[in-house]
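Presented below is the structure to which this report refers.
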């Protein structure tokens, strides 16, 4: 009797399993099939904060372009600008890599793509930004501090002996001569002209009158769209849709992020031990500190850098 009852129970549970199994397997397949199906790889590169060096950006771009499994690239841009040379280097690298390894690359802005940041974005195939983002600021400038009057006020001596009328132009310890000012202006004008020319060549829809969209002006996303500085108002979902369309991607996307490298923060007043020698006849510790400060400022700012 017990065996008969056990067999009946087994039959009952087997029939129950047959009843629920199809829907159970269907739910499991729906839930986990995405994990088993191959995905299309898309490179994801973040460009943010001030541009000071192109090295990491160009390395990551090259990895994404050279990898045959990566079908497209998305740049997430949060950059207000930086050194002109850095921005131009990344711009040129994108142009070169696009020619060597044709694949779609687009830029997604959330808050800002200004100056050097926009320079880089203009090298990509498509730019998306929300209506309230800041776009543009296409211009160039040279900036340097002036501490000559400050050190004179405290009777701090700091001599500069130079050869050449234009040497040490922009030194924080010397007044600019009219000739030096004119020469620095020519540097910014040249950099600005390169900037506008590259942007206009990259975005042929722009007006031929660069003063309408350049000249240092910054625009909101909706203004930038009307000026053809960007291609679409939107966010991440819009970027995904555009990437899939440009790269003919039908599968789900697997985002490939370049490996992070360690960053080191350099102290403002750090210097080599060989450079820390002070004059034993200095009048006071204040003079010693002032000498170190002067040398640090001199090292950092004697040669002005053009910025975007």
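Read-outs: derived from the displayed coordinates by stated rules, not from any lab. In this text, all values refer to a predicted model and were calculated from it rather than measured experimentally. Counting neighbours? That spans all protein chains shown, and the Cβs are built from the backbone with ideal geometry, glycine included.
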Cα pair count fraction exceeding 14 Å, expressed as % - region 59-119: 57
Net lengthening on full extension, residue 78/residue 197 (0.36 nm per residue, minus Cα-Cα): 40.5 nm
Cα-Cα pairs of region 89-216 separated by more than 20 Å (percent): 59
Hypothetical label at residue 228: residues of region 187-204 whose amide nitrogen lies under 14 Å (7 Å Cα-Cβ projection): 199-204
Extension gain (nm, one decimal) between residue 190 and residue 148, 0.36 nm per residue minus Cα-Cα: 12.3 nm
Residues 231, 159, 175 arranged by fewest to most Cβ contacts within 10 Å: 159, 175, 231
Residue 220/residue 56 FRET efficiency (R0 25 Å; Cβ-Cβ; nearest 0.05): 0.25
Per-residue Cβ neighbour rank within 10 angstrom, fewest leading, 213, 255: 255, 213
